[in-house]
Amino acid sequence: MGTKATKAYDGFTAEERAAMKEHAQELKKQSRRGSRADKAAEAERDVLAKIAEMPESDRVMAERVHAIVKTNAPALAPKLWYGMPAYALDGKVVCFFQSADKFKARYATLGFNDTAELDEGAMWATAFALTGVTPEVEERITALVKKAAG
């Protein structure tokens, strides 16, 4: 019987550790915010600031995703989630944008958590690769966020 070489588990990547640290900072910041309106306004400013930090290709897509969500699913509140722009309903993250640069990936991702209830039969997508936001992609994102927001 031959042995198969296995790679030792090295733990989390530097990018994953950085995302976890960002999430811890986000939670601390949320707990220190004032009124509900102040929290919402500051959360949106944080999301817009995070988008502004992205490399141009990711930033352009994130700006379009943000505008689509704000216009078509106003019930979803912008917030940071592991250092990514995310949109929550009743405090639970429904969808998020992950820049390609953040995890050194080939493409950006628009992801949905189980609270989005995008269920279609026995199998459905919960994440979508984004390389650009064309009018057709905008239509698909619009339909997804509307469904996700209920």
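Every read-out reported here was derived from the displayed coordinates using simple, explicitly stated rules and does not represent laboratory data. Owing to the predicted nature of the structure, the values given are computational and were not obtained by experimental measurement. Cβ atoms come from the backbone with ideal geometry, glycine included; neighbour counts cover every protein chain shown.
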- [ ] With a point put 7 Å past each Cα toward its Cβ, work out how far ALA14 is from ALA75 in nm, to one decimal.
- [x] 4.3
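How big is the Rg/Rh ratio for the range 14-149, C-alpha atoms only, Rh by Kirkwood, two decimals? The partial results should precede the final answer.
Details: Rg = 14.4 Å, Rh = 15.2 Å.
My calculation of the ratio gives 0.95.
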Task: Count, lysine Cα pairs under 13 Å in the chain, 8 or more residues apart or across chains - done: 10
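Please get the size of the charge dipole for the chain, origin at its Cα centre, with Cβ charges of +1 on Lys and Arg and -1 on Asp and Glu, quoted in debye to the nearest 20.
Charge dipole of the chain: 460 debye, to the nearest 20.
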TODO: Loop sites only, by DSSP: take the GluC sites (Glu not before Pro) in the chain that have at most 16 other C-beta atoms within 10 Å and name the longest stretch containing none of them.
DONE: 1-116
Open item on the list: Sort ASP46, ASP10 by Cβ crowding within 10 Å, fewest neighbours at the top.
Closed with: ASP10, ASP46
Task: With at most 16 other Cβ atoms within 10 Å, longest stretch of the chain clear of loop trypsin sites (Lys or Arg not before Pro) (DSSP) - done: 34-103
TODO: Enumerate the calculated ³J(HN,Hα) couplings along the range 15-24 in order (Karplus 6.51 cos²θ - 1.76 cosθ + 1.60, θ = phi - 60°), each rounded to whole Hz, writing x wherever the residue is Gly or Pro.
DONE: 5, 5, 4, 5, 5, 5, 5, 4, 5, 4
- [ ] Pull up all non-local amide H partners of TYR82: gap of 5 or more, or a different chain, and H-to-H distance under 5 Å with H placed in the peptide plane.
- [x] HIS23
Task: Difference of contour (0.36 nm per residue) and Cα-Cα distance, GLU117 to SER57 - done: 18.7 nm
